[in-house]
Amino acid sequence: MKIAIVGVGAMGSRFALMLKHSSNEVTLIDGWQSNVEAIKAHGLQADFNGKHVQSKMPIYALDEVDQLQDYQPDLIIAFTKSNQLDEAFQKAQSLISPQTYVLCLLNGMGHEEILEKYVSKEHLILGITMWTAGLAGPGQATLFGNGNVELQNFAAVDKDFALEVEQVFAAAGLNPKYSDNVSYSIWRKACVNGTLNTLCSILDCNIGELGQTKESEALLKTIIAEFAAVAAHEGIDLDQAEVFEHVTETFTADIADHYPSMYQDLIKNHRNTEIDFINGAVWRRGQEYGIATPYCALITQLIHAKEQLLNK
Ligand SMILES: NC(=O)C1=CN([C@@H]2O[C@H](COP(=O)(O)OP(=O)(O)OC[C@H]3O[C@@H](n4cnc5c(N)ncnc54)[C@H](OP(=O)(O)O)[C@@H]3O)[C@@H](O)[C@H]2O)C=CC1
Ligand SMILES: CC(C)(CO)C(=O)C(=O)O
């Protein structure tokens, strides 16, 4: 399959390497100049489960997309951060023909509202992933552990292409599943990020260390209850006990040593975070629906305050 990846940070690099390794034609597009230069010079490099891998792939800066006039990908995978998605697709929109599909696996909620400006509902595929990834530097990913992908067409349309993507991902070892209720999965995953990503960032710890604190149980349950109240208003009936179990399973799983992507942004790289698409989205929607979400409000404000202190 002809696949373009827009956003070649940690996760974009993982998917690029795994999809290229299984013989897909992968083209990379990214806005971070030193990353683009490093990949142009040395290819994409990674510590992949302890083994060094290196793979040459065409890469273009977002400002160079006009050089790709005759290039028409079958699939574009969005792997920017939520807060970069709109600007990246504004710059990359010339790649989207009426045949192109866009798959969004970003953490958080509301990305379809942004992507619908650039691709038709019928060609939008939404999903989530439990794969993890980090960056050791420009063009150098750190890829450990296992994960999976859930995806589903956004509109109720013919799912042939999405099933083809499922097959291509299966051949790449990405453990995909065509979901029959991806909206539920997106809320469920948002609960993972709304607890682990935020609390690890505020407490400056990894997932396993968070799980060792006595307070984690009550914090998780309260945050999940706020997500569930807002989700219920949108017709999604989150099973809070199952979601709590799903989140706490990570405390002893092979991602226990992982510092969540929000931690990598805020604490490691002093960059702004995706908080407005996670707890911030729950707080905002709660205000609209008349539902109190005091923990999400406090967490959103603390993360924004930390962004201001660190990202001067
Ligand atoms: N990392 C993880 O383990 C997981 C992440 N996700 C989700 O996947 C999506 C992509 O996340 P992830 O791959 O972690 O994102 P990254 O931050 O690694 O990369 C996203 C983009 O940020 C820019 N960037 C990254 N690092 C730097 C830096 N040090 N300095 C300047 N710019 C930089 C690059 O583009 P540009 O220059 O255009 O800004 C890059 O394409 C997010 O929605 C995330 O929540 C989901 C599951 C796990
Ligand atoms: C790996 C996981 C689930 C940790 O919260 C994640 O999605 C992230 O790091 O953003």
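Just to be sure, is GLY108 within 12 Å of ligand 1 (Cβ to nearest atom), in a loop (DSSP other than H, G, I, E, B) and surrounded by fewer than 18 Cβ atoms within 10 Å (Cβ to Cβ)? Answer is no for this residue. For GLY145, which of the numbered conditions (1) within 11 Å of ligand 1 (Cβ to nearest atom); (2) not assigned by TED's automatic domain parsing to the domain that holds ILE114 fails to hold? Condition not satisfied by GLY145: (2).
Is the range 112-119 home to any residue that is within 14 Å of ligand 1 (Cβ to nearest atom) and hydrophobic (A, V, I, L, M, F, W, C)? Yes. Looking at ILE207, ILE236 in this structure, which one is within 19 Å of the chain's Cα centre (by Cα) and not assigned by TED's automatic domain parsing to the domain that holds GLY127? Result of the check over ILE207, ILE236: ILE207. Could you list, in sequence order, all residues of the range 63-104 that are outside any helix (DSSP H, G or I) and closer than 16 Å to ASP30 by Cβ? TYR71, PRO73, ILE76, ILE77, ALA78, PHE79, THR80, LYS81 - these are the residues of the range 63-104 that are outside any helix (DSSP H, G or I) and closer than 16 Å to ASP30 by Cβ.
Scanning the range 19-36 for residues that are in a helix (DSSP H, G or I) and more than 26 Å from PHE144 (Cβ to Cβ) turns up at least one hit.
For the range 40-57, what are the residues that are touching a helix residue (DSSP H, G or I) at 6+ places or on another chain (Cβ under 9 Å), part of a loop (DSSP other than H, G, I, E, B) and surrounded by fewer than 15 Cβ atoms within 10 Å (Cβ to Cβ)? Hit for the range 40-57 is LYS56, nothing else.
Evaluated against (1) away from ligand 1 (no atom under 16 Å from the Cβ); (2) touching a Leu at 6+ places or on another chain (Cβ under 7 Å); (3) within 26 Å of ASN148 (Cβ to Cβ), VAL230 falls short on exactly one condition, (2). When residues in the range 264-312 are screened for being under 14 Å from ASN193 (Cβ atoms) and aliphatic (A, V, I, L, M), 7 of them pass. Candidates are the residues of the range 83-101 that are crowded, with 19+ Cβ neighbours inside 10 Å and under 21 Å from GLN33 (Cβ atoms); the one that is farthest from the chain's Cα centre (by Cα) is LEU95. Criterion first (under 14 Å from ILE291 (Cα atoms), crowded, with 19+ Cβ neighbours inside 10 Å and modelled with pLDDT of 95 or more) does VAL230 satisfy it? Here the answer is yes, as VAL230 does meet what is asked. Residues that are modelled with pLDDT of 95 or more, under 30 Å from LEU309 (Cα atoms) and crowded, with 22+ Cβ neighbours inside 10 Å do not occur anywhere in the range 163-182.
Quick check on ALA190: is it in a helix (DSSP H, G or I), under 28 Å from ILE125 (Cα atoms) and within 12 Å of ligand 1 (Cβ to nearest atom)? When the stated conditions are applied, ALA190 passes them. Figure legend. Inter-residue proximity from the range 107-128: first residues under 18 Å from PRO176 (Cβ atoms) and in the same structural domain as THR80 (by TED's automatic domain parsing), second residues within 14 Å of ligand 2 (Cβ to nearest atom) and basic (Lys, Arg), beta-carbon distance below 9 Å, spacing 6+ or different chains. Indicated pairs: ASN107/LYS81; ASN107/LYS189; ILE128/ARG188; ILE128/LYS189.
Restricting attention to the range 26-67, and to residues there that are charged (D, E, K, R) and under 22 Å from the mean Cα position of the chain (by Cα), which single residue is farthest from TYR259 (Cα to Cα)? By that ranking, first place goes to ASP30.
Counting the residues of the range 179-223 that are under 19 Å from THR273 (Cα atoms) and of a type in the set (A, V, I, L, M) gives 9. Here the condition is being more than 16 Å from ligand 1 (Cβ to nearest atom) and out of contact with any strand residue (DSSP E or B) (no Cβ under 8 Å at 6 or more places or on another chain); of LEU196, LEU203, LEU210, it holds for LEU203 alone.
The values are calculated or read from the model by the stated rules, or taken from the named source; none is laboratory data. Just so it is clear, the model here is predicted, and its values are computed rather than measured. Heads up, the Cβs are rebuilt from the backbone with ideal geometry, glycines too, and the neighbour counts pull from every protein chain shown.
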